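First up is the structure itself, then whatever we jot down about it.
Each reported figure results from applying straightforward, stated rules to the coordinates on display, with no laboratory input. Given the structure is predicted, the values throughout are model-derived calculations rather than measurements. Cβ coordinates were reconstructed from backbone atoms using ideal geometry, including for glycine residues, and neighbour counts include every protein chain displayed.
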Amino acid sequence: MDVIAKNLAGVQERIHRAAQKSGRKASDITLVGVTKTIDAARVQRLYDLGVVNLGENRVQELCAKYPLIQGEPVWHMIGHLQTNKVKHVIGKVSMIHSVDSVKLGEEIDRQAAKAGIIMNVLIEVNIAQERTKEGVAESGVRPLLERLLALPHIKVKGLMTVARYVENEEDNRNDFFKMKRLFVDLAEEYADNMNMGCLSMGMTNDYEVAIEEGATMIRIGTGLFGSRL
Ligand SMILES: *Cc1c(COP(=O)(O)O)cnc(C)c1O
């Protein structure tokens, strides 16, 4: 077995165990393979092993890799997105995980309208209130959501967070718990206006805790491809 196949089997096993531990089904959790800095041949290998959801965090890299992967990969834009680059990802990605301002939402809406599509988006939440982080503070989620709901070419599918970098994944448990609570509250409050099914949280270092706390989508790079250094 090659290293990617071996890594994937390990990740799948851990997803399974974390799901079981919290009374969930592994099939309810979508694995997004994060392909930043990874060459097309290795990305293709991951896709061929059955990981059809692929995530990139930079527009330029996404656009370069996009035509190189054979098959029907489902691309996700998971990184910070500048408004002037929105036009390059519309039509390529199935979801933008990183909407954290009205201005960005409006540009996505405008470009999606132009392309004649409806764009799925997640609101990125800076749940740990880190100063250096992208994402909207928890208190800003509802005001932003209200504005996004008025945009006809956007569909808000849920929430995303990039948790803190910690030595011990347990240290992020409370932040994941807070994300899940916010997610459930919003789904209930806005049940008439939208269908929120996606809670994107958990990376190589903390995905098991994220799953135990309710993640429906995890974004894994290092755990599949090895260290990017
Ligand atoms: C790089 C990245 C990931 C994956 O990180 P790993 O630690 O390599 O699993 C997930 N989400 C975002 C937004 C990223 O930029």
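Residues considered: Asn57, Asn172, Asn193. Largest GNM mean-square fluctuation over the chain, using C-alpha springs under 10 Å, is found at Asn193.
For the stretch 10-148, the calculated P(r), taken from all Cα-Cα distances in 5 Å bins from zero up to the bin holding the longest distance, is 2, 9, 17, 18, 17, 17, 12, 7, 1, 0 percent.
Neighbour counts of other Cβ atoms within 10 Å put Met77, Met179, Met196 in the fewest-to-most order Met196, Met179, Met77. Applying both filters, DSSP loop and at most 13 other Cβ atoms within 10 Å, to the trypsin sites (Lys or Arg not before Pro) of the stretch 139-229 gives Arg228. Using a Gaussian network model of the chain in which every pair of alpha carbons under 10 angstrom is joined by a spring, one finds that among Leu145, Leu68, Leu199 the greatest mean-square fluctuation is at Leu68.
When Phe176, Phe183 are sorted by how many other C-beta atoms sit within 10 angstrom of their C-beta, beginning with the fewest, the order is Phe183, Phe176. Between amide H atoms placed 1.01 Å from N, distances below 5 Å from Thr30 occur with Met217, Ile218, all of them 5 or more places distant or on a separate chain.
Going 7 Å from the Cα of Ala137 along its beta-carbon direction, which residues of the stretch 92-108 have the amide nitrogen within less than 17 Å of the resulting point? In the stretch 92-108, the label zone of Ala137 (backbone N under 17 Å from the point 7 Å along Cα→Cβ) covers 100-102. Applying the criteria of a DSSP loop state and at most 11 other Cβ atoms within 10 Å to the trypsin sites (Lys or Arg not before Pro) of the stretch 1-105 yields Lys25. Considering only alpha-carbon pairs that sit under 8 angstrom and 6 or more positions apart, the relative contact order computed for the chain is 21 percent.
In the elastic network of the chain, a GNM with C-alpha springs shorter than 10 Å, the most mobile of Val125, Val156, Val11 is Val11.
Pairs exceeding a 24 Å alpha-carbon distance, out of Lys6/Lys85; Lys21/Lys92; Lys65/Lys180; Lys103/Lys157; Lys25/Lys92: Lys6/Lys85; Lys21/Lys92; Lys65/Lys180; Lys25/Lys92. A straight line joining the Cα centroids of the stretch 157-221 and the stretch 1-31 runs 17 Å.
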